[in-house]
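Have a look at the structure below before the remarks.
Quick note: the coordinates plus some simple rules give every number you see, no bench work behind them. Note that the structure is predicted; figures quoted are calculated from it, not measured. Glycine also receives a Cβ, built like all others from the backbone with ideal geometry; neighbour counts cover every protein chain displayed.
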Amino acid sequence: MTIQIAYALPNSYFLQSYQVEPGTIIQNAILQSGILEQYKEIDLRSNTVGIFSRLAKLTDVLQDGDRIEIYRPLLADPKEIRRKRAEQQKQELEAQKAQEKQQRAEAKALAKKEMSTDPKLKG
């Protein structure tokens, strides 16, 4: 039966078709493929795997046409990234508001100064 093995990197990807015997488990297909020699960073003890974007176990039996996907570990916690992004946006908004407040105060002071020095406006 025919299966595929996929492994994505930030700037490239690996996708190869293989013939395996019926009853082959994911782990054996990966080992037989030789991908572990080509990509030394893959560690089946820490990398998770899936079949067509659904998490799978290394002991799951493959079906004809399955695509094994080897996932890289996350470099950062997505919740932490969102929290930091929200905090940064909050700080930027506060800085923008402070700058606008300063500009309004300067404009008001300038208008007041012009009123006090312009004889036409003194009445």
*Charge dipole of the chain about the Cα centre (unit charges at C-beta), most positive-ward option of Thr24, Leu58, Pro10*: Pro10
*What are the residues whose amide H is under 5 Å from the amide H of Ile68, where those residues sit 5 or more places off or on another chain and H is modelled from the backbone?*
Gln4, Ile5, Ala6
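From the helices alone, meaning DSSP H stretches of at least four residues, give me the mean residue ellipticity at 222 nm for the chain, per-run term -39500 (n - 2.57), in deg cm²/dmol to the nearest 500.
Numbers: 4 runs with 56 residues, N = 123.
Rounded to the nearest 500, it is -14500 deg cm²/dmol.
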*Would you mind getting me the FRET efficiency between Ala105 and Leu74? Use the beta-carbon distance for r and R0 = 41 Å, nearest 0.05.*
0.35
*Could you work out how far helix 78-117 tilts from the main Cα principal axis of the chain, as a 0 to 90 degree angle to the nearest 10?*
10
*Asp43 paired with Glu92, simple spin-label distance in nm, labels 7 Å along Cα-to-beta-carbon*: 3.6
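In whole percent, what relative contact order does the chain give with Cα contacts below 8 Å and a gap of six or more residues? If you can, show how the numbers build up before the last one.
On the way: 126 pairs, mean separation 30.2, N = 123.
About 25 percent, as a whole number.
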*asked:* Given points 7 Å out from each Cα along the Cα-Cβ axis, report the Ile81 to Ser53 separation in nanometres with one decimal.
replied: 1.7
_Taking θ = phi - 60°, what integer Hz values does the Karplus form 6.51 cos²θ - 1.76 cosθ + 1.60 yield along the stretch 11-23, in sequence order, with x for Gly and Pro?_
10, 7, 8, 10, 8, 9, 8, 9, 9, 10, 6, x, x
*Pop out the ³J(HN,Hα) list for the stretch 52-61 in order, Karplus 6.51 cos²θ - 1.76 cosθ + 1.60 with θ = phi - 60°, rounded to Hz; leave Gly and Pro as x.*
6, 6, 10, 4, 9, 9, 4, 8, 5, 7
